[in-house]
Amino acid sequence: MPTASTTFPPDPASARACRRFLVGALEEWDAGEFADDAVLLLSELVTNAVLHAGTEIRVYVRLKTAARHGRVLRVEVRDGSPRLPAVRHYSMLSGTGRGLAMVAGTARKWDAEALPSGGKRVWFELAAVDG
């Protein structure tokens, strides 16, 4: 089961660096079918961490094979803030607040969980059914 992880500073440039990190892992694992959705959703989670947590950001990526779902990509974003995010319902004209709704609508599964050591993890899974 391939895995990768790395840490980024709480800086707006980290969203771009996280995308490069993820694309590199997916290329190495020959898992390009996940790239578009995974990059989009990771960008949303990292941007939220930069804006709302202001702490170091750790990204974990794991590719596994599930009997009913084919290959499954799990992406986790961890930060030092204990405040869990919530899906908001903003106007379509709003310039912010729709990221988690996009995660919820695109991912096979997602959640946000407090960590026993402090902070939180927000994760999502994408599935690619073998065809």
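Could you give the size of the charge dipole of the range 37-85 about its Cα centre, using +1 on the Cβ of each K and R and -1 on the Cβ of each D and E, expressed in debye and rounded to the nearest 20?
Details: 8 positive and 5 negative charges, 71 e Å.
With Lys and Arg at +1 and Asp and Glu at -1, about 340 debye.
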For Glu56 and Ala13 in the same chain, what is the full-extension length gain: residue separation times 0.36 nm, less their Cα-Cα distance, in nm? 14.2 nm
Rounded tilt (10° steps) of 13-28 against the dominant C-alpha axis of the chain: 10
Tell me which of Ala15, Ser5, Ala53 sits at the most positive position along the dipole axis of the range 1-54, charges placed on C-beta atoms (Lys, Arg +1; Asp, Glu -1). Ala53
Relative pair counts by distance (%), Cα atoms of the chain, 5 Å bins: 2, 11, 22, 23, 21, 13, 7, 2, 0
Taking only Cα atoms and a 10 Å spring cutoff, compute GNM fluctuations for the chain and point out the largest among Glu33, Glu44, Glu76. Glu33
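With each run of n ≥ 4 DSSP H residues scored as -39500 (n - 2.57), what mean residue ellipticity at 222 nm is computed for the chain after dividing by its residue count and rounding to the nearest 500 deg cm²/dmol? Write down the numbers at each step before the final one.
On the way: 3 runs with 38 residues, N = 131.
Helices in the chain give a 222 nm mean residue ellipticity of -9000 deg cm²/dmol.
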Area of Met102 that stays accessible when all protein chains are in place (1.4 Å probe, Å², to 10): 60
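Of the heavy-atom accessible surface of the range 1-88 (probe 1.4 angstrom), what whole percent is carbon and sulfur?
Details: 2280 of 4680 Å².
C and S fraction of accessible area: 49 percent.
Hey, got the dipole for the chain? About the Cα centre, +1 on K and R Cβ, -1 on D and E Cβ, debye to the nearest 20? Provide the component values of the computation, followed by the final result.
On the way: 17 positive and 15 negative charges, 72 e Å.
About 340 debye.
From the Cα trace of the range 12-81, what convex hull volume per residue do you get, rounded to a whole Å³?
Details: hull volume 5.9 nm³, N = 70.
Taking only Cα atoms, the range 12-81 has a hull volume of 84 Å³ per residue.
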Between Glu28 and Ala86, what is the FRET efficiency for a Förster distance of 41 Å, r being their Cβ-Cβ separation, to the nearest 0.05? 0.75
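The values are calculated or read from the model by the stated rules, or taken from the named source; none is laboratory data. This one's a predicted model, so the numbers in the text were calculated from it and none came from an experiment. Quick reminder, even Gly has a Cβ in these numbers, built from the backbone with ideal geometry, and neighbours come from all protein chains shown. Heavy atoms of the whole protein, side chains included, go into the accessibility calculation; ligands, DNA and RNA do not. Shrake-Rupley method; radii C 1.70, N 1.55, O 1.52, S 1.80 Å.
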